Amino acid sequence: MRSRRAGMWWGTAIEAPDPAVLARFYSELLDWPIGHEEPGTAIVAAAPEGPYFVFQQADGFHPPTWPPVEGEQRPMLHLDFQVGDLDEAVAEAVALGAVPAEHQPRENVRVLFDPAGHPFCLCCDD
């Protein structure tokens with residue numbers, strides 16, 4: 001984006017039933033600090049200028065269904081994280097509160113659900 005200048009922040013906003021819980025999960029998963037927290041909002045960031053995830057309170061939140069099912073809330077987006085050791089990364093994510101999806105699309109990818117039910121992928125080249 002041409003109007004961006006050095007030092008401007010950027011990131012992704014994610015709806016959550018409990019923003020603080022989801023911020024703690026991703027803070028631990030990514031080793032990013034929680035940079036801001038207030039009722040209804042929590043932010044984790046790799047650096048002050050981003051990237052960041054801002055978790056926003058969503059009353060009546062319905063987690064997406066994976067794999068997609070006709071008539072159910074579809075995932076609108078998901079996060080992918082490359083890892084060095086897939087089994088180790090899955091174990092770490094599960095210890096933090098993630099749940100592996102029943103359907104796994106590829107051998108070198110693991111789909112998991114964060115504590116709010118958003119799918120995310122751990123990917124390994126091996």
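Derivation of every value follows stated rules applied to the coordinates shown; laboratory data play no part. Just so we're clear, the structure is a prediction, and the values are computed from it rather than from any experiment. Using ideal geometry, Cβ is built from the backbone for each residue, glycine included, and neighbour counts are taken over all protein chains shown.
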**Sparse-neighbourhood loop sites, chymotrypsin sites (Phe, Trp or Tyr not before Pro) in segment 35-126 - DSSP loop, at most 14 other Cβ within 10 angstrom** = PHE61
**Request:** Name the most mobile residue of GLY97, GLY60, GLY50, meaning the one with the largest mean-square fluctuation, in a Gaussian network model of the chain with Cα contacts below 10 Å.
**Result:** GLY60
**Message:** On C-alpha positions alone, give me the angle between the axis of helix 19-30 and the longest principal axis of the chain, in degrees, nearest 10.
**Reply:** 70
**Request:** Return a whole-number percent for the relative contact order of segment 11-57, with Cα pairs under 8 Å and 6 or more residues apart as the contact set.
**Result:** 47
**Fill in**
In order over segment 109-123: 3J(HN,Hα) from phi, Karplus 6.51/-1.76/1.60, θ = phi - 60°, whole Hz, x for each Gly or Pro, gives 10, 10, 8, 10, 10, 6, x, 8, x, 6, x, 9, 10, 9, 10
**Fill in**
For the chain, percent of DSSP beta bridges that are antiparallel (nearest 5) comes out at 60
**Message:** What do you get for the angle between helix 86-96 and the principal long axis of the chain? Use alpha-carbon atoms, 0 to 90 degrees, nearest ten.
**Reply:** 60
**Item:** Dipole in debye (nearest 20) - the chain, about Cα centre, beta carbon charges: Lys, Arg +1; Asp, Glu -1
**Value:** 620
**Request:** Could you tell me what percent of the DSSP beta bridges with both partners in segment 11-57 are antiparallel, to the nearest 5?
**Result:** 60
**Complete:** With 0.36 nm assigned to each residue of separation and the Cα-Cα distance removed, VAL69 to ALA95 gains 6.6 nm
**Asked** Where in segment 14-81 are there GluC sites (Glu not before Pro) that are in a DSSP coil and have at most 14 other Cβ atoms within 10 angstrom of their Cβ?
**Response** GLU49, GLU70, GLU72
**Prompt:** Given the rule -39500 (n - 2.57) for each run of at least 4 DSSP H residues, summed and divided by the residues of the chain, what is its mean residue ellipticity at 222 nm, to the nearest 500 deg cm²/dmol?
**Reply:** -5500 deg cm²/dmol
